[in-house]
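Encoded as structure tokens, the structure appears first; notes follow it.
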Amino acid sequence: MFVYPDPDPVAFSLGPLDVHWYGLMYLLSFVLGWALAVYRTRLPHIHWQRDEVGDYLFYVVLGVVVGGRVGYMLFYQPDVLLAQPLQLFRVWQGGMSFHGGLLGVLLVSLWFARKTGRAFADVTDFVAPIVPVGLFFGRIANFINGELIGRITDVPWAMIYWQGAEPRHPSELYEAGMEGLVLLVIVWLFAGRARPRYTVSGLFLLGYGCFRFLLEFYRQPDAFLGFVAFDWMTMGQLLCVPMIIAGVLLLAIPYKFDKRRRSV
């Protein structure tokens, strides 16, 4: 049994400016993501220029932040959004959705593909192996802030959070490990050679969808939402179902009908 360390959400201060762990994790995600993206431009089957990486990732960050916030309000608090639309802009109160951020990234990727004359799949297949980096640091930030805690358990590695005396799963660390590190290794290795278009994106969707669906069984449902279907399914699991289906289709169909077209 472990006691949650309850660290200060402020990593350090620069005069009157407080640098929060959340912001620091976003910065680390961007820097490491940029470095991995630049490395991918050196692969023989990747036809991207280094100077394109910074431009694209800038829009990806916008897609994550705007899409994540809008998605959270639409998926998890639509009643609040309808009653108080200005809540959408109160980002300091917390509330980001991965699924909303994913939609934001897909939209900016579609725009970037049209801008650069690329196929949409060539953009999403390029960025898919890098996304788990952001997931890893995001979950670490959740853990530092003591949010998205796990369900009550008696496993030896259970953790007692500040929210109560009951020992709980450190679900943020589970997600950092599976959605972040494990998924990064799987998709990165798969994308290390030329693949049919959409298959790298499909593997990411399938992998994340399955990991998130499974790990939601260890994560405490949102108190204001609870279970949304069958008395056991959370909103996170419900949103993962179309991801899993899309992932299977994007992996299976290109290999069956379009083997000659490779991601670039």
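The values are calculated or read from the model by the stated rules, or taken from the named source; none is laboratory data. Please read all numbers here as calculations on a predicted model, not as lab measurements. Note that each Cβ is placed from the backbone with ideal geometry, even for glycine, and that neighbours are counted across all protein chains shown.
Laid out as a table, the results:
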{"item": "From TYR72, TYR59, residue being over 30 Å from MET233 (Cα atoms) and in a helix (DSSP H, G or I)", "result": "TYR59"}
{"item": "Answer from VAL105, VAL80, VAL60 - the residue that is free of Cβ contacts under 8 Å to residues at least 40 places away in the same chain and touching a helix residue (DSSP H, G or I) at 6+ places or on another chain (Cβ under 8 Å)", "result": "VAL80"}
{"item": "Hits in region 1-43 (condition: surrounded by 11 or more Cβ atoms within 10 Å (Cβ to Cβ) and assigned to a strand (DSSP E or B))", "result": "PHE2, VAL10, ALA11, PHE12, ASP18, VAL19, HIS20"}
{"item": "Unique residue being among the charged types (D, E, K, R) and modelled with pLDDT of 95 or more when the list is GLU179, GLU166", "result": "GLU179"}
{"item": "Candidate set from region 81-102 (those that are at pLDDT below 80, under 27 Å from ILE144 (Cα atoms) and not in a loop (DSSP other than H, G, I, E, B)); member that is nearest to the chain's Cα centre (by Cα)", "result": "VAL91"}
{"item": "Spans of helices (runs of 4 or more DSSP H) in region 118-193 with at least 1 residues within 20 Å of MET25 (Cβ to Cβ) and touching a Gly at 6+ places or on another chain (Cβ under 6 Å)", "result": "131-144, 171-175, 183-190"}
{"item": "Given (1) surrounded by fewer than 22 Cβ atoms within 10 Å (Cβ to Cβ); (2) out of contact with any Asp or Glu (no Cβ under 9 Å at 6 or more places or on another chain), number of the condition TYR161 does not satisfy", "result": "(2)"}
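Let's see how each residue does on (1) buried (at least 20 other Cβ atoms within 10 Å of the Cβ); (2) farther than 25 Å from LEU205 by Cβ:
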position	(1), (2)
VAL53	yes, no
ARG69	yes, no
PRO78	no, no
GLY100	yes, no
VAL123	yes, no
ALA128	yes, no
ILE152	no, yes
